[in-house]
Structure formats: C-alpha cells, structure tokens
C-alpha cells in the first residue's frame, strides 16, 4: 500500500481567477531550440507554423510558434535590433504565422549577449520591446545568461520588471516567460514582475533520468502556480528520440498534472503518428488546460512508485500512477488519499476508456518508467 505524504487533495491552494489578459491557461505551442538550436531559420519557423495549422496540433491548443536563440543580428545606427541573414523580414514572418491562426514568440536576454553569444537586450530594453511589438510578436522568452556578468542576482527581479514594463508600454499583449533556471526561488516573485511563466530548473534533456528529476522535483511548488502565472519545468522532449513510448507517456502525464506550459520541441516535419498522438490526446491536454488552474502534486509514494493528483474544475480529480522503477509494478491509488469515499468512477485518459466503478482503491500494472493517467469522480 502506498503511504500518504503531505496533505490531502482538499488542502490544495485554490487560486482564484485574475485579470491576467494572457496565459489564463498554461501556454501551448512549439519552440525551436530542442531540435534546431542555432540552426533554426525563418523557413523552419514557417514550416512549423504550416504543420501545426494542418496536422491537428492547432485544434488541440498549440498556439505559439516560438523562435528561441540565434535569430538576432546586429543593431543599426539608432540602436534598433536587426535579425540576422537567416531571418530577414521579421514582420513578414510574424504575419505569416498569424495568417495561419497562430501566434509567434521570440527570445532575448537581459544581458549583453544571449546564451549562444548573440545580441542581448542590455540597455536596449525599451527599444527592443518596441521593435518586437512593431514586428507583431506575442511572446517573449527572456533568458538570464550573460546578465550574470552585469547584474548581481539581488537585482534579478528589478531586471525582469524593467523589460515587463517596457512590454506593457507598447500596448501589445505579450506572454512574458522568465528563463532564469529557478534562481532565487523565482516562483515566489515571478508574478510580481509580470511573469506569466518562470523556469524552475536548469535545462531539460531528452533522457528519462533528466526529465524525471525535473518533473518529480516540482512537488511543493504548487502554491505558486495559478491562472496567468505558471511554474515551467521546461519544454517537451516528446518525439526527439531519446526516450521510449512509456517514458514519453510519463513525460506528458506528469507535465499536464503539473499544469506546465506545453511547448513541443521536436521536428514537426518528421513527426511520427505515434508522437502526434502523444502530443494531441484531447483528454490528456484537458488536464493541463483545466480552467481551475491548479497545479497537481504528489499524494502518495512507496519507493519508486508515486501517485500524483490534480483537482479539476468539474469536480473530478486527475490522477497519475507512476513507476520510476526498473521493472513493471502494480501502483495503487487509495481513494481516501484523495478525499473520496464510496464508489468512484475511473476513466483511463490515454486510452479513452471508462474502467468502471471501484471502492476504496484502484490498482494498475504500470510498466518500467511508465505511467497511467486516470480521471476519477
């Protein structure tokens, strides 16, 4: 039997609705970094937009097409940032993405240089915000990187607030993504500087061990997430090839329970039907996008076996049964751990199957590094 840890579902912090303008649910979309890194071009971004618009991802909720590092060129004589030769006309690129019913994001740093050594926004915050708005961008990922060389960490909130204020003055709504690796407990101050999401860890990679350390390490951060402001355990690696299907199911199941932003990072043009199914399962995505805006947490653990739960707006509870062990194991959720009694209806969200009514508990055989995601009421 799994041992109850922490507090019961009834003790989740419930975050009320707020006038947030953007990111009322965790942002969904695609980001260029995990697959393309610095090889990304405007043509890659257009191709990603085309694919999302026609393959079902747009309908599933994937809205943002985000350019990460390496788009930047030099500044002109007036100090305005220009794209490099791989990108050319940024307004035309934004218009192309918007014409497909999608939104577009880009990347900068509060330091002199980005992580890859391109031009950052240091001492050009106002100019850059105005330029991004003039081009028609909708999302900014702001990566600490070389800011460490010009600011003490104690100034980090003020540095991020400076760019947020500049974005607000443009009059254009932006999703503002703080990328500073969880330094100085960003979850405690991210909302106060206008952050819609903030990275809670260093970078993810396409390996089960790294993904699981990040994902399962989010327990305890749930009080700081809510409508308009989300903990960000980094982008999705689903489909990049470093994990097997069971491990990617764990990745997706855990991220949706965490109410994490869902930013695909794979090569959309070469995506398998299996990967597309993993990314677009509507019942799974509905857990992430639930309007209650509550981040799930661990409710029970026995060695490598864990149960996580997330209360939903319709009164049901999404429950993940996880096996971090090296062989298949039965994993049990005890309904009393969820504050439930009597008969409980259970539905498997990955297979879209009603499993029936159960009393006291539900047990599933979970493969090595795998997960079962159910909805109970």
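Taken together, the values in this text are just the output of simple stated rules run on the coordinates, not laboratory data. All of these numbers come straight from a predicted model, not from anything done at the bench. Positions of Cβ are generated from backbone atoms using ideal geometry, with glycine treated the same way; all protein chains shown enter the neighbour counts.
Considering only 205, 32, 357, the mean-square fluctuation computed in a Gaussian network model of the chain, springs between alpha carbons under 10 angstrom, is largest for 357. Say we join alpha carbon atoms closer than 10 Å with springs in a Gaussian network model of the chain; which of 127, 155, 218 then has the biggest fluctuation? Maximum fluctuation in the GNM of the chain, among the listed residues, is at 155.
Principal-axis analysis of the Cα atoms of the chain puts helix 125-135 at an angle of about 80° to the longest axis.
Only Cα pairs under 8 Å and 6+ residues apart enter the sum, and on that basis the relative contact order of the chain stands at 18 percent. In the chain, helices alone account for a calculated mean residue ellipticity at 222 nm of -7000 deg cm²/dmol, with every DSSP H run of four or more residues adding -39,500 (n - 2.57).
Neighbour counts of C-beta atoms inside 10 Å place 151, 107, 122 in the sequence 151, 122, 107, starting with the fewest. Here the Gaussian network model covers the chain, with springs between Cα atoms less than 10 Å apart; of 111, 217, 339, 339 fluctuates the most.
Hey, how many Å between the Cα centroid of segment 321-377 and the Cα centroid of segment 109-186? Here the two parts' Cα centres lie 42 Å apart. Take every pair of alpha-carbon atoms less than 8 Å apart whose residues are at least six positions apart; their mean separation over the length of segment 38-109 yields a relative contact order of 39 percent.
Give me the percent relative contact order of segment 123-223, please, defined on Cα pairs under 8 angstrom at least 6 residues apart.
About 26 percent, as a whole number.
Between segment 247-279 and segment 57-88, the C-alpha centres lie 24 angstrom from each other. Using alpha carbons only, the radius of gyration of segment 73-212 set against its Kirkwood radius gives Rg/Rh = 0.97.
Could you tell me which of rounded, prolate or oblate describes segment 31-122, using a ≥ b ≥ c as the square roots of the eigenvalues of the alpha-carbon gyration tensor, with rounded for a/c under 1.5 and, failing that, prolate when a/b is larger than b/c and oblate otherwise? Judged from the Cα gyration tensor, segment 31-122 comes out prolate (a/c at least 1.5, a/b above b/c). Between helix 156-169 and the chain there is an angle of about 70 degrees, using the helix long axis and the longest principal axis of the Cα atoms.
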